[in-house]
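**Student:** Below: one structure in structure tokens.
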Amino acid sequence: MAPDGGLSIGELARRARLATETLRHYERMGLLIPSQRTAANYRVYDSAAVERLRFIRRAQALGFSLPEVRELLGLHADAGADMGRVKGIVQERIAQIDARIADLQQLKAGLHALVEQCPGHGSTHACPILAALTREPQA
């Protein structure tokens, strides 16, 4: 605890189960703001910082980038903001996930094709998988 009852960066890090350097990074990114500084310039956080960190971690777990998290936090803090923007951000994230899934499915199909070409026995000198990895990619 900080002398005035707020949370020191170390205590906040312990409660949030994060490294203090992570909290400093979040502060540099504008995601976390100390409620005050002590006379010795130590950061002091209020109890709402724990909830804010929980929000950040949940958003990151859903794949949102830190700039997206910052925007979501801003929208969350502004009760008058239009929830359509929140929905739009989430829809953009879904589109990114869909594109990544499509890329992964294409990658998987390519690997399946290589596996089908390999008999799985004999010298690696004749391995079609290794041969495919050696060739120049086709445009």
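**Student:** Go through (1) in a loop (DSSP other than H, G, I, E, B); (2) closer than 30 Å to ALA59 by Cα; (3) not aliphatic (A, V, I, L, M) for ARG100 and report which single condition fails.
**Tutor:** (1)
**Student:** It is to be established whether one or more residues within region 95-103 are surrounded by 11 or more Cβ atoms within 10 Å (Cβ to Cβ), without any contact (Cβ under 8 Å) to a residue 24 or more places away in the chain and either among the acidic types (Asp, Glu) or under 30 Å from LEU31 (Cβ atoms) (or both).
**Tutor:** Within region 95-103, the subset surrounded by 11 or more Cβ atoms within 10 Å (Cβ to Cβ) is 96-97, 100.
So of that shortlist, the ones also without any contact (Cβ under 8 Å) to a residue 24 or more places away in the chain come out as 100.
Still in the running and either among the acidic types (Asp, Glu) or under 30 Å from LEU31 (Cβ atoms) (or both): 100.
Yes.
Only the coordinates and a few stated rules stand behind these numbers; no lab work does. In this text the structure is predicted, and so the values were computed from the model without any measurement. Neighbour counts run over all protein chains shown; Cβ positions are idealised from the backbone, glycine included.
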